Amino acid sequence: MSYYKQLFPPVPQCRSEMEIRNLFERHMKALLDQKSTMINEIVEWENNLIRQIQENVTNQKALVEQYCKYQLNSLRTTCQEFLDTALIYEQNKNREEVRQLIERCHSLKMELGVFDYPEQPIPFIKIQKEKRPADVKQDVSITHKSN
């Protein structure tokens, strides 16, 4: 049963009433079809935006992993260099050089980076209400007034 028929139950009608009801029923069906199409478009827009965000998240996580791996390798290399140097200083009983080397270890700073949040325009979807032609309403009311 159509939406229109639910609003206006069938009653015995003349031919013109039936034609008018059928025309309005088609208009209502067209509106409901348009609503469905528009909702599908909104969902498609939503899914596309979510997909873009998820791709960015995946890329940024991969970069964090890559930067961390690089920094860890660099830190391991630096650590081994410091250990080798410390061993030489210890063997030479050079306590001051060992102390300075340990101070340098304390002053090392390792960071992966910092986050930046660049502004990105998001094209939000927004429905614009279609203006109804005023003359349709006026024509109907003029017809009723003249009768």
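Observations
- Count of segment 41-73 residues, restricted to those that are touching a residue at least 24 places away in the same chain (Cβ under 8 Å) and over 10 Å from the mean Cα position of the chain (by Cα), is 6.
- Within segment 84-98, the set of residues being surrounded by 11 or more Cβ atoms within 10 Å (Cβ to Cβ), in contact with a helix residue (DSSP H, G or I) (Cβ under 9 Å, 6 or more places away or on another chain) and in a helix (DSSP H, G or I) comprises 85, 86, 88, 89, 90, 97, 98.
- Any chance residue 66 is surrounded by 11 or more Cβ atoms within 10 Å (Cβ to Cβ), assigned to a helix (DSSP H, G or I) and of a type outside the set (Gly, Ala, Ser): yes
- Answer from 90, 103 - the residue that is modelled with pLDDT of 95 or more and more than 43 Å from the chain's Cα centre (by Cα): 103
- Within segment 107-147, tally of residues that are assigned to a loop (DSSP other than H, G, I, E, B) and modelled with pLDDT of 65 or more: 25
- Scanning segment 25-47 for residues that are surrounded by 11 or more Cβ atoms within 10 Å (Cβ to Cβ), charged (D, E, K, R) and more than 24 Å from residue 122 (Cα to Cα) returns 25, 26, 29.
Residues checked against (1) touching a Cys at 6+ places or on another chain (Cβ under 6 Å); (2) among the aliphatic types (A, V, I, L, M); (3) closer than 30 Å to residue 39 by Cα:
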{"residue": "66", "(1), (2), (3)": "no, no, no"}
{"residue": "88", "(1), (2), (3)": "no, yes, no"}
{"residue": "118", "(1), (2), (3)": "no, no, no"}
{"residue": "125", "(1), (2), (3)": "no, yes, yes"}
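The values are calculated or read from the model by the stated rules, or taken from the named source; none is laboratory data. Here the structure is a predicted model, which is why all the values come from computation and not from measurement. We place every Cβ from the backbone using ideal geometry, glycine too, and count neighbours over all the protein chains shown.
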